[in-house]
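This report concerns only the one structure given below.
FYI, it's all coordinate maths here, none of it is from the lab. Fair warning: this is a prediction, and the values are worked out from it, not measured in the lab. No Cβ is skipped: glycine too gets one built from the backbone with ideal geometry, and neighbour counts run over all protein chains shown.
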Amino acid sequence: MENNESGNSSRRKFLRNVSMGVGAITVAGVAKATIADGNEASAKSGKMVKLLSTDGKLVEVDLSDIKPSKEIEAELKSEAKKGLPNRKFAMVIDLAKCANARACVDACQEGHLLPKDHEWMKIYMLQDDNLTSKYWFPRPCFHCDKPMCVSVCPVGATYKRQDGIVLVDNQRCIGCKFCMTGCPYSARVFNWKDPEVEVPEGHVYDPETNIPAVEGTVGKCIFCADNLRKGILPRCVQACPMGVLYFGDLLEDTVTNGIETLRFSKLMTDRAGYRYKEDLGTLPSVYYLPPSNREFPVEMGLEGADESITGRYKNVGPR
Amino acid sequence: MEADKKLITDLTPEIEKTSIKWYITFFIFLAFFVVGIYGLIQQIDKGHIVTGMRDNVVWGFYIVNFIFFMGLSYSGALISGVLHLFHTGWRKPIIRMAELITVISLVIGPFFIFFCIGRLDRLHFLFMYPRIQSPITWDVIAICTDLIGCFIYLYLSFIEDFAILRDYKDLKVAPWKKKLYEILSLGYTGTEKQYKILSNAKTVMAAMIIAIAIIVYSVLAWIFGVTLQPGWHSTIFGPYFVIAAVFSGTGLLIILMWIFRKVYHLEEYITKRHFVNVGVLLTVIAAFYGYFTFSDYLTKWYGSIKMDSILIDKLFTDYYSLFIFANYVGILLPAIIIAFPKFRTIPSITVAAVIALTALWVNRYIIVIPTLETPFLPIQDVRPDWISYAPTWIEWALTLAGVSVFAMLFMLVSKIAPIISISEMQEKDKVEILK
Amino acid sequence: MTVMIKRAISISAIIAVMQIPVFNLYAQDQALKDAILNMTLTEVDSIKTVTVTAHTVEDGKEVPVSGETVSIFVPRMFSNLPVGELVLDDEGTASLEFPSDIPGGKEGNLEIVAAITDNSTYGNTENRQTIHWGVPTDYLPTSHRALWTQRAPRWMIYTLSVLLAGVWGHYFYAIISLFRIKRNADREKAKAEFRL
């Protein structure tokens, strides 16, 4: 039975410890791994380092117990390639509720240290036909089950893992951009110039966060694989103020948008869920709920937005 | 090896001395090359943002040039490969030129790929971590194989000429060149056994070159054909690209025939008959090329598939003049000039070839870029350079640099080996003896 | 003076009495009653029923809790999947039918939770049980050979090998021919020199 009081004090302790050093946080996960690995009989250097473990405790570790970053990187990459066992992630996007708030775009850019013109989650305004209505269309990467982008990559820099997520390895990508022409949904972006990202010190590259963006390589939405490993929802799902984005594990038949939790199969049946351009056959992992029984007009999404955003939708019409 | 004295004196002067005109031309091309290198340095320093490529049109001038130069390499396969197997006599003076076009354009083409790659420092990953499911891997393997094959074939065809030059006592060239001829001719003296070995090797390689050239160009076509993009997802792309390649290679051959004939005074060897014959070849291929183009666009236009209609619409509005030039003017004008005997003169056939070659470059452009400008999800952006593709000076500079390198390499080779194969010109006698 | 003292006493008495309800409320806030929540899971003729009962212990006697809401849910990866909300009747019990089509783990095990949350009287209390009531879901990701997997389809490997072997085989033939020419030429040269 958790009392609010004890919660507050442990949170305060945590925040105090965080101020001890940002760089320590990333090494802390490593420290946990290396300490948990068991005691290797290596010569202790005697040099002690203060680190923050992932459950908020301050630990002192001998410097020799910390593995070199190349080894850590290789471990992170192989874990990233395997993915989470017995999971099949999917996203459901409720087009009836989207109002172009762009909180998802901002949260994604913040969380992955992206430059402002890189949109892994992109919001389109579509209109299928002259007589049908316009609607807002958020588009993350679809993490297809038959991904064209993975098929055409010549060096294996992008891959699909067992939990369905398609990742990009920034350090393997040669920037040929074949995957960008292979993706029919324009889900990938390219780093045309130095993204000038400030990376925290001691950060080790992990494809599950894909930080930092590297010049001359490709980036895309990765369903926040780092969050999923910790059992937290992707950043866009958490940020959406309208509850548009639902996320979950199809094997559990459950999706949630942070506010309500529903059974995926029931959602599909009740709301007639579908996938975008199903007949392309790429089998996306993102489902859409049609914009019926809208709660507010489409134009609401253009109010109060910057010209660089509203200007995008000037020529929206049926294609 | 002995050779007709007249042949040698006519075909070797360029090897012996270099004119001022040669130097001036060479340095003009070198200047273009240097400008291109400067542009490349800018690109490596500042990133690909200095080009016109953006998130939707991710492939621009560089890929167009790559396909174009690879296509030129087909001329050698056709002239020396196919015609070799058919033992056509009139092709003898132009064989060497055709083979040189093949090898040189094969060397230049891949460089345009390098310009397009975002991380040049990781190029070796293509060889360390190849995925054979990827059309780019097929392309890497095919191009490497083609390069090696063409080099072998070129060398095989040089051996006899090197032997002739080695044995020609009055050759006034620098000692290093003489030594070069001696080493490279492998001591060939034209005995029956040696001739037979060489001839068999050439026949085998000729067949291989034809096969490899078809494979290379088909693989290049499939890089586009296997994607889902409207305009690229066409089943005709394999054969279409092969035909277009032969077309461009033949066009370039005519142009080079005209240039070398003028500059090296080879009027006696490259006659109007050659121009007419290669011109007729050009017309026949133009007919095939026109047929494939028409077939492709007719089926796209007739059907109601939305993405095809949007693309056709774009081609007939934004790209109208380019489309007409590439697919109508580029095919009909050369065909008319060459089909009517009244219009056939050496200059007119050369003009037809120039039109055909330019039209083919434009054809590659309108295959690659309009498709990328009409993706399934519409481009919704405010920045004009992200909506449509506009090449920058760097891309133009590097294109010119590629052409310049082509010219420079050709000029350099003409200083070492005769531009018309002396041994081929004599071969008629040998063949009759063996028969 | 007695009047002042009397007034002081009465005022303080009034104030003291006034405090009593406040004390009472405060006492109520502080002392949340401990409710004991029991959950029984029964399956009869493949109809699964979840029955909950709640009671508090007062003076050694079990007093049923009635009128409070108990939520039944299945914990999932990111949140809890609600199954139903029950209101306890006068005897402090309630039950619902548990659906048979909720996917469980590989063995079909589900964790079912009955909980009273943020209740003003009873605070938070819950009862967790794991039972074999889920649909077994075994997910084997594609390990077959495909265009997008690590291992390529066999026919691709075979075709590529055959083509490469064929072409490069011919190249070797041509290169060997070069060596044969050289050898022959050297022999001829030696013969010519010998004759001299």
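Translational D (Stokes-Einstein, µm²/s) of the protein assembly as shown at 37 °C and 0.692 mPa s when Rh comes from the Kirkwood sum over C-alpha pairs?
97 µm²/s
From Cα pairs below 8 angstrom and at least 6 apart in sequence, can you work out the relative contact order of region A:243-298, rounded to a whole percent? Across region A:243-298, relative contact order equals 20 percent. Placing R0 at 22 angstrom, the Cβ-Cβ distance between C:Asn124 and A:Ile259 gives a FRET efficiency of 0.60 after rounding to 0.05.
Please give the FRET efficiency for A:Phe296 paired with B:Val382, using the beta carbon to beta carbon distance and R0 = 22 Å, rounded to the nearest 0.05.
Plugging the Cβ-Cβ distance into 1/(1 + (r/R0)^6) gives 0.35.
Size descriptors for chain B (Cα atoms only): Rg and Dmax, in that order, 22.8, 74 Å.
Where the convex hull is taken over the Cα atoms of region A:213-319, what is its projected area averaged over directions, in nm²?
10.2 nm²
For chain B, modelled as a GNM whose springs connect Cα atoms under 10 angstrom apart, the maximal fluctuation among B:Met205, B:Met128, B:Met411 occurs at B:Met128. Pair-distance distribution of region B:224-356: all C-alpha pairs, bin width 5 Å, starting at 0; shares per bin in whole percent are 2, 10, 18, 19, 16, 12, 9, 7, 5, 2, 1, 0. Between B:Ser19 and B:Lys169, residue separation times 0.36 nm minus the direct Cα-Cα distance comes to 51.7 nm. Each label was represented as a point 7 Å from its Cα along the Cα-to-Cβ direction; for C:Arg195 and B:Ser321 these points are 7.1 nm apart. Across region A:89-313, the mean sequence separation of Cα contacts (distance under 8 Å, 6 or more residues apart), normalised by length, yields a relative contact order of 29 percent. Shape annotation for region C:32-131: C-alpha extents along the principal axes are 46, 33, 20 Å, from largest to smallest. Restricting the calculation to Cα atoms, chain C shows an Rg/Rh of 1.68 when the hydrodynamic-style radius is the Kirkwood one. Adding -39500 (n - 2.57) for every DSSP H run of four residues or longer, then dividing by how many residues the protein assembly as shown holds, sets the calculated 222 nm ellipticity at -16000 deg cm²/dmol. Which one of B:Gln43, B:Gln229, B:Gln194 has the biggest mean-square fluctuation once chain B is modelled by GNM with Cα springs under 10 Å? Maximum fluctuation in the GNM of chain B, among the listed residues, is at B:Gln194. For the peptide B:365-375, the mean number of other protein chain Cβ atoms found within 10 angstrom of a residue's Cβ is 1. Roughly how many nanometres apart are two label points built 7 Å out from the Cα toward the Cβ at B:Tyr328 and B:Asn277? Distance between the two pseudo-spin positions: 3.6 nm. Relative contact order for chain B: 33 percent, from Cα pairs under 8 Å spaced at least 6 residues apart, divided by residue count. Helix B:330-339 and the long axis of chain B differ in direction by around 40°, with both axes built from C-alpha atoms. Relative to the longest principal axis of the Cα atoms of chain B, the long axis of helix B:272-302 lies at roughly 20 degrees.
For region A:89-313, the calculated P(r), taken from all Cα-Cα distances in 5 Å bins from zero up to the bin holding the longest distance, is 1, 6, 14, 19, 20, 17, 12, 7, 2, 0, 0, 0 percent. Distance distribution P(r), region B:49-134, all Cα-Cα pairs, bin width 10 angstrom from 0: 16, 31, 29, 17, 7, 0 percent.
Just so you know, the Rg over Rh for region B:171-234 is 1.35, from Cα atoms, with Rh as the Kirkwood radius.
Computed extension gain for B:Tyr129 through B:Ile28, at 0.36 nm per residue and net of the alpha carbon distance, reaches 32.2 nm. Going from the fewest other Cβ atoms within 10 Å to the most, the residues C:Glu97, C:Glu188 appear in the order C:Glu97, C:Glu188. What angle do you read, to the nearest 10 degrees and between 0 and 90, between the alpha-carbon axis of helix B:135-167 and the longest principal axis of chain B? Computed tilt is about 20 degrees.
Using the Cβ atoms and a cut-off under 14 Å, what net charge is assigned to the surroundings of B:Asn65, where Lys and Arg are +1 and Asp and Glu are -1? Summing Lys and Arg as +1 and Asp and Glu as -1 gives 0. Ordering C:107-118, A:242-253 by mean Cβ neighbour count within 10 Å, with the highest value first, yields A:242-253, C:107-118.
Given their separation in residues at 0.36 nm each and the Cα-Cα distance between them, C:Arg154 and C:Val63 gain 25.6 nm when the chain is fully extended. A crude spin-label estimate for the pair C:Ser71 and B:Val284, with each label 7 Å from Cα along the Cβ direction, gives 8.1 nm. By the compact-protein rule of thumb, 2.2 N^0.38 Å, the alpha-carbon radius of gyration of region C:152-196 corresponds to a ratio of 2.08.
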